[in-house]
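The values are calculated or read from the model by the stated rules, or taken from the named source; none is laboratory data. Just so it is clear, the model here is predicted, and its values are computed rather than measured. Quick reminder, even Gly has a Cβ in these numbers, built from the backbone with ideal geometry, and neighbours come from all protein chains shown.
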Amino acid sequence: MFGVSTPVEEEVPANIIPMPETCDDQDGYYKATIGELIRNYKVTAILGKGVFGSVVRATNVDTEQDVAIKIVRVDQVYRMSGETERNILKYLNDNDPKSKNLREQ
């Protein structure tokens, strides 16, 4: 997950990519564009927008692996929620790397 428009004086966690203020709309959403690079991921589609942010499909330019990237809105509450979600997903992946306990509903 990537945060956007982090103020300069705020310490930025390693997994957060600061984006310029001009990239956000008035509600704090990042305006992704098809073909742009986010680190080493090329945006290939805009998948949607929700309360916490937007999601894009992207391709790793080195491995050609397709991924979904959630881009969190510019707001401390959303950023903290995103970090909580990331920690939960990391815990689940670390403790069940082969998804043996995955259940579809």
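Could you grab me the full set of residues in segment 61-76 that are exposed (fewer than 15 other Cβ atoms within 10 Å of the Cβ) and either modelled with pLDDT of 90 or more or on the phi > 0 side of the Ramachandran plot (or both)? Walk me through it before giving the result.
Filtering segment 61-76 down to residues exposed (fewer than 15 other Cβ atoms within 10 Å of the Cβ) leaves 61-68, 76.
Once the filter is applied, which keeps residues that are exposed (fewer than 15 other Cβ atoms within 10 Å of the Cβ) and either modelled with pLDDT of 90 or more or on the phi > 0 side of the Ramachandran plot (or both), segment 61-76 yields V61, D62, T63, E64, Q65, D66, V67, A68.
Please state which one of V67, V74, V55 is among the aliphatic types (A, V, I, L, M) and more than 21 Å from D25 (Cβ to Cβ).
Every option except V67 fails the conditions.
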